[in-house]
Each structure stands twice: as structure tokens, then as C-alpha cells.
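The values are calculated or read from the model by the stated rules, or taken from the named source; none is laboratory data. Here the structure is a predicted model, which means the values were calculated and not measured. No Cβ is skipped: glycine too gets one built from the backbone with ideal geometry, and neighbour counts run over all protein chains shown.
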Amino acid sequence: MPAPFIQANTNGRLHDAREPSVAPLNRGFLYGDAIYEVWRTYHGVIFAWEEHWARLERSARALHLALPFTAENILTEIKRATTAWRATTGDSGEIYIRLQVTRGGGPIGLDTALADRADFVVLVQKLALPTEETVRTGLRLALATTLRRNSPATLDPAWKTGNYLNNILCLREAKARGADEVVITNLAGEITEAAVCNVAFARGGALVTPPLSAGILGGITRQLLLEKIAARAGVVAREETLRPADLAAMDECFLLSTTRDVQPVRAVDDTAYRVGEGTVALRLKTAFADYAAEHARANPGLGA
């Protein structure tokens, strides 16, 4: 079965993503010297454009990477890529959008002064949504035991960079143990996040999630739940330092991410959690869908 078509836009050139577009001397390829963001559409409208762009700019500042384009420039290029993808596939469904920005190319060497001009690649593909069965029954997670999360004093997980080796190896361990995703702890033994998602719990009807200070990515879905959506669902939300010993005291567990929004979890190793009807996770998922629908109606200019 052929792989689904992925549309690319490299520095304004539209092409099939299977075609080469980045030089071997590109620093994103050589060193992971890059940043990225992922958006998705709800009802055909790019969701949380401003929040993701603001995080991209924070990541760029942290890496001292000058962006030679504006949000308006990139939005135009994203729309060109999505239009081309829809024309090629004939698909009118929801889409996944990834923007990768590298420091550029130049002579081999770690010195950032060797880099030329930053460049970008936009990737557009069909959004892979969790199945109804997965939402109903939940995922299985495993606690990483071999590696820990990067310390904020080293490569800060708050920066959404092109370097994901820590996450990859932690996820590999969990997958080898039969899990769908991983729960990673920091050097202090505190729970941080999953490989590509924030993690949250329900206890006594309230949402509980690790604080940013634990060393995690400031997820947009997490942010919106804490600041706006949980209250709309009648759920108290708070940040709390958590350790593996606290897992058994939780009623529910769920992952938070742009592509999954709220994804229920049925177990972390041998600790089982409630899933299905009447759970906090599904209340939050419904409230998030309502918020996204309102966003789409209020922001038709972000149509993709």
C-alpha cells in the first residue's frame, strides 16, 4: 500500500515531500540546529495559529536564530502548500501542518557564525485522528527507566527544537515493553511528559498536570485547558509536582497534544485508570471540541 501523499514547500518551492530539498550541509540535518511547530485544522481552519507562532518565536530567540520572514509570509506559504495538497489528493478533510525552520547551511562546523540564511520547510498531510476505539478504551503507557528528560539547564525541553533523540530513545524503551507511549521523569525523579505529548491526570474530579518547572514543553493544548477550557467544562485545573509513587492515587490519565487534543490512557505499566463515559477526560475532550468549533467560526481567514 503506497504511503499517503505529503506536500512540501521548501523556501517557497512546492514539491512532493519524497523529493530532496535540503542540502547535505544544512545544519538542521547535520546538527538538529532547527526549530519547528505543528498545527492542525478543525473544520478546515488552522487552530491556535497565534499561540503556536509565539512559541516558534520563543524557540528562535532561545537558539539565537533570526527568522527572515514574518508570520504573514509563512501563513501564505502554508496556504499555498495546503491548496496544492488538496488539489493533488482531492481530500477535503482535516490536515496536519508542520513548519520546520533551520539555521541554514554553510561550511561544516558547530560555530553558528558559519551558517548562511535560515530556511524553512512546510509539510502538509492528512491528519491522523485517534480512532473511536482508541478514545473509548485508552492507550497504554510505560514509565521510562533507562533515560531521564533533558534538564532545563542543558537542552531545555521548553524549546521546540529539531533534536528529539532523548524522546526517541525513551519512546523506544516503552514500545519495546508493549506500550503505546512513554512517561518520562526528570533527574529529580519527577514526572514530566510523554515523548510527543504533555501528560495530565484526574484526581477527585480535578485536572492535575506537572508544572513547566519540571522541564516540559509548554504545550498549546495544555495551556488552553489550564487557562480557558477546563473551567468551561466545570473542571478545576492545577499544576502539581508529581512522582511515580503518585500514579496509583490518580483516577484517570490522559495525554494532551495538538493532534490528539485529549487522549485517554487506560494504564501506566500496572496502574489502571478509568476510561469511557462519565470521565473527566471525555468532558474535557468535548469542551475542547466545542472551543475549536467556536475558533473556526470566528477565524475563517485561517482556512487551509
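Please count how many residues of the range 174-192 are outside any loop (DSSP other than H, G, I, E, B) and of a type outside the set (D, E, K, R). Quick ask: steps written out before the conclusion?
From the range 174-192, those outside any loop (DSSP other than H, G, I, E, B) are 174-176, 181-185, 191-192; that's our starting set.
Imposing the further condition that a residue be of a type outside the set (D, E, K, R) reduces the set to 174, 176, 182-185, 191-192.
Number satisfying all stated conditions: 8.
Kindly check whether there is at least one residue in the range 164-173 that is of a type in the set (D, E, K, R) and part of a helix (DSSP H, G or I).
First, the residues of the range 164-173 that are of a type in the set (D, E, K, R): 172-173.
Remaining after also requiring part of a helix (DSSP H, G or I): 172-173.
Yes, some residue in the range 164-173 is of a type in the set (D, E, K, R) and part of a helix (DSSP H, G or I).
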Got a sec? Which of Ala230, Ala200, Ala206, Ala267 is surrounded by 15 or more Cβ atoms within 10 Å (Cβ to Cβ), within 30 Å of Ala62 (Cβ to Cβ), touching a Lys or Arg at 6+ places or on another chain (Cβ under 8 Å) and among the small types (Gly, Ala, Ser)? Ala200
Out of the range 23-50, which residues are more than 25 Å from Gly90 (Cα to Cα) and either surrounded by fewer than 18 Cβ atoms within 10 Å (Cβ to Cβ) or not assigned by TED's automatic domain parsing to the domain that holds Ala118 (or both)? Ala23, Pro24, Leu25, Phe29, Leu30, Tyr31, Gly32, Glu50
Checking the structure you have, find out if any residue of the range 56-64 is assigned by TED's automatic domain parsing to the domain that holds Leu110, touching a residue at least 24 places away in the same chain (Cβ under 8 Å) and part of a loop (DSSP other than H, G, I, E, B). yes
Per-region count, the range 158-217, residues within 17 Å of Gly138 (Cα to Cα) and among the polar types (S, T, N, Q): 1
In this structure, is Leu282 buried (at least 23 other Cβ atoms within 10 Å of the Cβ) and in a helix (DSSP H, G or I)? no
